[in-house]
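All remarks here apply to the structure that follows.
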């Protein structure tokens, strides 16, 4: 029985092939022509171009990271496409549009990517879009897809979401060819019915405190469902043509399976991420910006009670030999849940996970791990702490949802417990 093969394209250019033996041993090999290109982008910092072939322990976690981190969703995909939940099997069907610049396509399927040609997009009416959102709300395991009728895309993460293309006039569309999706739409799913508002306000607060975040907004459908919309930072329109920009999360960069995304589950922590930033970003100015941005995110997540800042919620942007820290995404305070359970950080500071205990001394140790000046780091901690409540207040202003002021009040309570300004 011959090996199975998935061809890997980087923004329309063939980069190599993933091969799986009948025993399901999976490898990835770069094409020689691609490796010799001066502008070649590696699939991952864990799979350098200097090495032609990469083994299963590296390529398999990378592939897993392209798929939903949700067993029910994986099972539904397998049912829809009459296949197994194994990454190779699923990506054979949904690898046309994934995170980053790559496409994974079976042999014989044209890579009609943006670099080659595109434009076959089904335009959705307001009612169509509303129905799509309502379908996710009522059938969260579908993530808006019914046997491939809503496009051949895959998104990582556990929360139900859908990837769509947005036309210049604001209308939504479903690509039928390899046109990249440009936005990610998250719906309100029980019991996290207010999560979209929480994410919107938290992201807005982070931006006001000087952190780079993905562009985002909130929209209400004609049926009254409120959705959180994140503009994809791994897509860009260049000279009138949409292109994919390559990215990977830190679990992929460190060859860690999504199931181990939390440090307490054996996943990466601050020190491992610091090493990746140090070793993969050659430009000193870019490296310093990445270290400072990551440190700011760590401080913000602790002070805001954001508990989901694990390795899959930080990413790298890769372009040729250049590596940068991607804009922040999936930021969401859990301050409104203070009465339910003590808040824990997704990454430990020293040996401490409890957010209420993590303070200046823990944060300065993290700064040292990131090779940051202690005086600068202490100033940044104070700056974020002093501006926290105002940033959330400003971010919540104008949000037409009753949960917005509750978020601000919860953040004020959290700040007060730390002795930070409460207004």
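The values are calculated or read from the model by the stated rules, or taken from the named source; none is laboratory data. Just so we're clear, the structure is a prediction, and the values are computed from it rather than from any experiment. For neighbour counting, all protein chains shown are included, and Cβ atoms are generated from backbone atoms with ideal geometry for every residue, glycine included.
So which residues in the stretch 27-46 are more than 25 Å from residue 275 (Cα to Cα) and part of a loop (DSSP other than H, G, I, E, B), if there are any at all?
31, 36, 37, 38
Take the residues in the stretch 378-409 that are out of contact with any helix residue (DSSP H, G or I) (no Cβ under 6 Å at 6 or more places or on another chain) and outside any helix (DSSP H, G or I), then tell me which one is nearest to residue 423 (Cα to Cα).
By that ranking, first place goes to 397.
Could you figure out which of (1) out of contact with any strand residue (DSSP E or B) (no Cβ under 6 Å at 6 or more places or on another chain); (2) assigned to a strand (DSSP E or B); (3) in contact (Cβ under 8 Å) with a residue 60 or more places away in the chain isn't true of residue 264?
(2)
Of the residues 223, 290, 282, only one is farther than 20 Å from residue 181 by Cα and within 20 Å of the chain's Cα centre (by Cα); which?
Going through 223, 290, 282 in turn, the sole match is 290.
I'd like to know if the stretch 106-113 contains one or more residues that are on the phi < 0 side of the Ramachandran plot and modelled with pLDDT of 90 or more.
Checked against the condition, which is being on the phi < 0 side of the Ramachandran plot and modelled with pLDDT of 90 or more, the stretch 106-113 yields at least one hit.
When both residues are 6+ apart or on different chains and their Cβ atoms are under 7 Å apart, which pairs have a first residue that lies in the stretch 394-406 and is on the phi > 0 side of the Ramachandran plot, and a second that is crowded, with 18+ Cβ neighbours inside 10 Å and at pLDDT below 95?
none
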